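Notes for the one structure printed next.
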Amino acid sequence: MSLNGAVGRGSDKGSAKHGVDHWWAQRATAVALVLLSVWFVVSLLSIPTINFAAVTAWMSRGWNTVPLVALILVAAQHSYLGLRVVVEDYVHDPGRRIALLLLLRFAHTLIAAAAVIAVFEVAFGGVA
Amino acid sequence: MLERPRPLSPFLHYRWQYTNTLSIAHRVTGIILSLGFLLLVYWVIAIAGGPAAYARAEILFARPLVEGLLALALVAFAYHFCNGIRHLVWDAGFGLERREARRSAWLVVLATILLSVIVGSIVLFGRGGVS
């Protein structure tokens with residue numbers, strides 16, 4: 001028998017029986033994305049053209065590389081958290097649900113990794 | 001006694017009105033943006049792939065269907081951005097009264113249109129052509 005009381009066991013749990021970490025991560029990434037997406041749009045719109053040379057030069061500057069990598073990572077996490085809720089809400093068959101949740105996780109990790117490596121190649125690999 | 005099946009989320013027994021319209025729109029635009037994120041990732045990978053790969057991406061992005069998708073992604077972004085801020089303000093405990101929520105709903109719709117038109121016209125006319 002557990003020595004924890006009912007209140008102690010439930011203190012950090014919502015009705016969904018898991019903690020507030022999902023809720024918190026969704027909000028934290030949302031706040032970060034407000035800033036990062038504004039930066040991304042303004043920064044890209046402010047370079048005169050977006051041909052290959054201009055874009056590689058833009059991406060290679062450190063003050064663009066860092067927020068771009070941050071944008072990719074945070075957007076991937078926010079997307080994962082959001083799509084996870086969609087799957088949890090609409091897919092009720094346990095097998096399909098678990099398969100889809102795993103797929104979401106794997107896909108987001110792989111896609112974010114590929115994008116970050118691409119940015120690093122441009123920034124450090126001398127692609128231009 | 002037979003146990004009644006538990007209600008599943010989302011338990012749609014609500015009257016259709018602006019509140020749940022905006023709420024479901026937040027979801028739909030979120031899904032669109034998850035797909036739009038793939039286009040961003042493709043763009044970044046195309047840059048890393050060198051000039052030839054980037055030229056292929058430019059051709060793809062100039063196709064009418066993809067341009068339409070980009071326009072859709074822009075509107076989805078504008079909406080999700082504005083309504084997301086509305087949600088964050090609610091989470092902070094403000095604007096939850098019915099009158100305030102109704103006003104912020106209209107504000108979100110208006111801001112979505114404005115943001116889409118401004119960013120869209122800079123992309124289209126500001127420096128000549130998409131991508």
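Taking (1) within 20 Å of the chain's Cα centre (by Cα); (2) more than 25 Å from residue A:26 (Cβ to Cβ); (3) at the interface with chain A (Cβ under 10 Å from one of its Cβ atoms) in turn, residue B:124 satisfies each apart from (3). In summary, helices (runs of 4 or more DSSP H) completely within the stretch A:38-128 and bearing 1 or more residues that are closer than 21 Å to residue B:32 by Cβ and within 17 Å of the chain's Cα centre (by Cα) occur at A:62-90, A:94-124. Within the stretch A:76-118, restricting attention to residues that are touching a residue at least 40 places away in the same chain (Cβ under 8 Å) and in contact with a Ser or Thr (Cβ under 8 Å, 6 or more places away or on another chain), the residue that is nearest to the other protein chains (Cβ to nearest Cβ) is A:82.
Restricting to the stretch A:29-43, name every residue that is surrounded by fewer than 17 Cβ atoms within 10 Å (Cβ to Cβ) and of a type in the set (S, T, N, Q). Listed by number, the list holds a single entry, A:43.
Taking the conditions (1) in contact with a helix residue (DSSP H, G or I) (Cβ under 6 Å, 6 or more places away or on another chain); (2) of a type outside the set (Val, Ile, Thr); (3) within 17 Å of residue A:39 (Cβ to Cβ) in turn, residue A:100 satisfies each one other than (3). Criterion applied to B:53, B:46, B:25 was being in contact (Cβ under 8 Å) with a residue 12 or more places away in the chain and more than 8 Å from chain A (Cβ to nearest Cβ), and the one residue passing it is B:25. Return yes when residue A:24 is at pLDDT below 95 and either under 20 Å from the mean Cα position of the chain (by Cα) or surrounded by 15 or more Cβ atoms within 10 Å (Cβ to Cβ) (or both) and no when it is not. In short, yes. With respect to the conditions (1) exposed (fewer than 12 other Cβ atoms within 10 Å of the Cβ); (2) more than 12 Å from chain B (Cβ to nearest Cβ); (3) among the small types (Gly, Ala, Ser), residue A:46 lacks only one, and its number is (2). Under the condition of being within 20 Å of residue A:26 (Cα to Cα) and more than 8 Å from the chain's Cα centre (by Cα), the residues counted in the stretch B:32-46 number 5.
Listed here are the residues, each with its yes/no results for (1) at pLDDT 95 or above; (2) buried (at least 18 other Cβ atoms within 10 Å of the Cβ); (3) more than 11 Å from the chain's Cα centre (by Cα).
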position	(1), (2), (3)
B:48	yes, yes, yes
B:55	yes, no, yes
B:76	yes, yes, no
B:85	yes, no, yes
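Restricting attention to the stretch A:56-84 and to residues that are surrounded by 15 or more Cβ atoms within 10 Å (Cβ to Cβ) and of a type in the set (Val, Ile, Thr), the residue that is nearest to residue B:41 (Cα to Cα) turns out to be A:72.
The values are calculated or read from the model by the stated rules, or taken from the named source; none is laboratory data. Only a predicted model underlies this, so the values are computations on that prediction, with no experimental measurement involved. Note that each Cβ is placed from the backbone with ideal geometry, even for glycine, and that neighbours are counted across all protein chains shown.
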